[in-house]
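Visitor: Okay, handing you the structure first.
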Amino acid sequence: MQQPGRTVSPTPRDATARHQQDEKDQLIAVYPGSFDPVHRGHIDIAKRAARLVDVLIIAVYSKPSKNLLFSAEERVRLWHDVIESEGLTNVRVERFDGLVVEFARTVGAKAIVRGLRAVTDFELEFQQALMNRKQAPEIETLMIITALSYLFVSATLLKEVAKLGGDLDGIVTPNVARALHEKFAEERARE
Ligand code: ADP
């Protein structure tokens, strides 16, 4: 029994239970994509989402059905650098394959974040969101609209610009600009 005037320090078991409770109460969201490479449009969406949730997990597709310039490890590393340089303290990055909803369930996420640029994005995202709801009705899709300055930014377009030696200032972070430059220099050396 507790003596009057004496405080009892929590046992390790109390601490574990509290930690589990904290995790359970956290609002976790997943932001999936191929991010080949991460650009300022993606970062804008991640920052907006990170203000709404407790933890945002950037989920980098390991095996998307597109031809990608960067490997999964490289895409994860570029996000790591961005998270650090932008000071995004409640954002972390993980790679995954398989269904997004399965990954979201595994990490205990209640929401999937997607970014919208234009009406053209909407149609596809809408279909995808409804399909995800069919698979996992307990998980919501949050569609976040990009800042006007990133409306025209796409990974496909910026890679073309980078390949031709164009200016990507304001479109990607310096670490990504460097990575693109090195990648295309390697490609040219192989040709
Ligand atoms: P995926 O490979 O899943 O089609 P991306 O890796 O290109 O998508 O992008 C991941 C997410 O970021 C998607 O929700 C996409 O709509 C969004 N996104 C891409 N470019 C921008 C941008 N310029 N502004 C806001 N959101 C964007």
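Visitor: Show that you can apply the helix-only estimate: for the chain, add -39,500 (n - 2.57) for every DSSP H stretch of four or more residues, divide by all residues, and state [θ] at 222 nm to the nearest 500.
Guide: -15500 deg cm²/dmol, from helical runs alone.
Visitor: Taking just the alpha carbons, could you work out the radius of gyration and Dmax for the stretch 99-191, both in angstroms?
Guide: In Å, with Rg to one decimal and Dmax whole: 17.4, 50.
Visitor: Let me know the whole percent of all Cα-Cα pairs from the chain that are separated by more than 20 Å.
Guide: Pairs farther apart than 20 Å: 61 percent.
Visitor: Taking R0 as 25 Å, what's the FRET efficiency between Leu164 and Arg92 from their Cβ-Cβ distance, rounded to 0.05?
Guide: 0.15
Visitor: Charges at C-beta only: +1 for Lys and Arg, -1 for Asp and Glu. How large is the resulting dipole of the stretch 120-162 about its Cα centre, in Debye rounded to 20?
Guide: 60 debye
Visitor: Using the Cα atoms as the points, what is the convex hull volume per residue of the stretch 56-97 in Å³?
Guide: 61 Å³
Visitor: Using all alpha carbons of the stretch 98-146, what is the percent of pairwise distances in each 5 Å bin, ordered from the shortest bin to the longest?
Guide: 5, 21, 32, 22, 14, 6, 1
Readers should treat all values here as calculations from the given coordinates under stated rules, not as data from a laboratory. Keep in mind that what you see is a predicted model, and the values were worked out from it rather than measured. Please note: Cβ atoms are built from the backbone with ideal geometry, for glycine as well, and neighbour counts cover all protein chains shown.
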